[in-house]
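Since every read-out is calculated from the coordinates, none of them should be taken as a lab result. Remember, predicted model here, so these are calculated numbers, not experimental data. Counting neighbours? That spans all protein chains shown, and the Cβs are built from the backbone with ideal geometry, glycine included.
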């Protein structure tokens, strides 16, 4: 029956090609959405791990999220630094949702401010320009499209862009703007000596009252959970994409099965069982969906550039795609199953 | 297995929208080894139904089909599947080739389904296509072949297991006269010792070649015979639904009831026909089985006329189309 199956695939090449393209695009979108959901964690991991800390000390009020504004006195930094096992500690002030205006434009762009101690943990390594060296200097993520030598307005102050960093975004692609801690405090806390995190090299045995010690992995997890509803929405949409793919394949198979009613009757009259015919149709479905999955792998690479956010299509997701596609194909066959079982070999005479 | 075919009192009935339809009702015939048997009759007389029964694709309501030592009507499950696969080859009216496969692919399919190795199946397909004169068209799809060529591929496919019984359903129906000649010659050649060919047809050319002709519809040849008077007692049945007849009945006296027998055993009364009226006209006119039964409600006398005689003797009667006749 394999010969019949592949001959039919070839015979209906146009019909199957349309299905492959349709299913491929849907699967590509599903894969991109998968990458989008994973991208939230990937961007948070890149930013948090980029600090180089072995531990983080945060306010209990922040519930483990580095982006939550759980401020505490900067004086706690010294307390943490004095803890045995801590080799280095640096204060960080993180303020999400600040508007910047680039030179030559009037429209604001939303950024997250990160106040860091120049030379301390969290002071980012630049890919262009130089690190923060003085007040009113900033290093920005490349997504902000700033250039060293340019200026950005934040509040009523102008800041000089001295360096560019890559892959420093949070909260779904919001670029980070790094500036000296004092400048950030002036901008965010009115100059009061408050911070939202302490990054440490070495792990403190205990934290000052009201603060908690967390591993980078925990910080990444808690910080990403802030986007839980967005991730859930994307996951839901991704599930819908799978369903749409299954419906397209099912529809295509159903139409093919309708076209082949006489063939099924003849094949049954020639000795084929319903199981053999179902197997034939299942192979067609699997061939279509697996080819569509391969198309999706390629198309998804182009789709990632369409998103402002980080899209991280993991190897696991790529590996899972053809497997899920295979399952989708088999499920889609059920739509045509009745057409096969109801085919009466006596109809071959009719 | 000696190729002897016996059909005894075969009846097939089915439910059509609540009514009982009997395309075959008590049919019996026999065919001997090497014969070409023609099943003759108009459309709807049960030719295809009979072929379906002979092919083991349809189970009759009653009666027996024997082929050699096999009680075909008693076969079930794997034995029936083996009978279909190994004993019977079928040539369908509309060729029924798989459009996506080449001529060779179509001939190979039944062999692959029976577990014949691919190489052997291809070799056998080449032999059979050569036998039907299509060795040079082996790689053509059905859409690239004429009707006659497609029918010859269908015959080659029917021969793959060298079956002792070949059934051909209206094999000349879609062919022009040149193609018909080739197909008929092939069927005639195939009817040889060790094999019986059964061909359903309403093509006279097939009956000329046949060793045996089975008429599935009565042949009412005397269209001018004299009217027949029939007396009926109350409850007597004049004719039954599904029967064939060539007479239109004029009611001279008494009262008749036209009724339909339902699949669930009940009876649906359709009309009552009294003196001066007639009943049973559409079956004879259209050469179809009676679509309803007629019985006497009280003692009655009716006169049966052939269609021609009825038109001649009752020119004032306009024959109406009535749903129950």
So the pair-distance distribution of the range A:251-350, from every Cα-Cα distance in 5 Å bins, comes to percents of 3, 13, 19, 16, 12, 10, 9, 7, 5, 4, 2, 1, 0
In degrees between 0 and 90, to the nearest 10, how far off the longest principal axis of chain A does helix A:228-259 point, with axes built from Cα atoms?
-> 10 degrees
Rounded to a whole number, the mean other protein chain Cβ count within 10 angstrom for residues of A:11-23 is 1
Tell me, what is the percent relative contact order of chain B, built from C-alpha pairs under 8 Å that lie six or more residues apart?
-> 20 percent
Over the residues of the range A:33-119, compute the C-alpha Rg and express it relative to 2.2 N^0.38 Å.
-> 1.32
Global geometry of the range B:59-147, whether rounded, prolate or oblate, following the gyration tensor of its Cα atoms and the 1.5 cut on a/c | prolate
Among A:302, B:239, A:69, A:349, rank each residue by its count of other Cβ atoms within 10 Å, from fewest to most, as a rough exposure measure.
-> A:302, A:69, B:239, A:349
Volume of the Cα convex hull of the range A:55-214, divided per residue and given in Å³ = 101 Å³
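Rg to Rh for the range A:240-307: what is it, with Cα atoms only and Rh by Kirkwood?
1.16
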Once you wrap a convex hull around the alpha carbon atoms of chain B, what is its projected area averaged over all directions, in nm²?
-> 19.0 nm²
On a 0 to 90 degree scale, rounded to 10, what angle separates helix B:177-190 from the longest Cα axis of chain B?
-> 70 degrees
Antiparallel %, DSSP beta bridges [both residues in the protein assembly as shown], to 5 | 75 percent
Indicate, rounded to the nearest 5 percent, the antiparallel portion of the DSSP beta bridges found entirely in the range A:55-214.
-> 80 percent
Spatial extent of the range B:1-128: Rg and Dmax, with the Cα atoms as the point set, Å | 16.8, 51
Please report the relative contact order for the range B:56-202, taking Cα pairs under 8 Å with a sequence separation of at least 6, and give it as a percent rounded to a whole number.
-> 27 percent
Over all directions, average the projected area of the Cα convex hull of chain A and note it in nm².
-> 22.2 nm²
The whole-number value in µm²/s of the Stokes-Einstein translational diffusion coefficient for the range B:228-313, with Rh from the Kirkwood sum over alpha carbon pairs at 20 °C and 1.002 mPa s, is 167 µm²/s
Counting only C-alpha contacts under 8 Å and six or more residues apart, can you give the relative contact order of chain A as a whole percent?
-> 30 percent
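Tell me, rounded to the nearest percent, the portion of alpha carbon pairs in the protein assembly as shown spaced more than 50 Å apart.
Above the 50 Å cut-off, the protein assembly as shown has 47 percent of its Cα pairs.
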Hey, what D do you get for the range B:112-152 in µm²/s if you plug the Kirkwood alpha-carbon radius into Stokes-Einstein at 4 °C and 1.567 mPa s?
-> 118 µm²/s
Per residue of A:266-278, how many C-beta atoms from partner chains lie within 10 Å of its own C-beta, taken as a mean?
-> 5
For the residues B:48, A:5, A:289, A:314, what sequence is obtained by ranking on other C-beta atoms within 10 Å, fewest first?
-> A:314, A:5, B:48, A:289
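From other protein chains only, count the Cβ atoms within 10 Å of every residue's Cβ in B:113-119, then give the mean.
Across the residues of B:113-119, the mean count of other-chain Cβ atoms within 10 Å is 2.
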CD proxy, 222 nm, the protein assembly as shown: helix-only mean residue ellipticity via -39,500 (n - 2.57) per DSSP H run with n ≥ 4, per residue, nearest 500, stands at -12000 deg cm²/dmol
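Can you give the convex hull volume of the alpha carbon atoms of the range A:166-298 per residue, in Å³?
Once divided by residue count, the hull of the range A:166-298 is 214 Å³.
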So how do A:242, A:56 line up by other beta-carbon neighbours within 10 Å, fewest first?
-> A:242, A:56
If you take all C-alpha pairs in the range A:1-43, what percent of them are over 11 Å apart?
-> 70 percent
Beta bridge orientation in the range B:68-224: antiparallel %, DSSP, nearest 5 | 10 percent
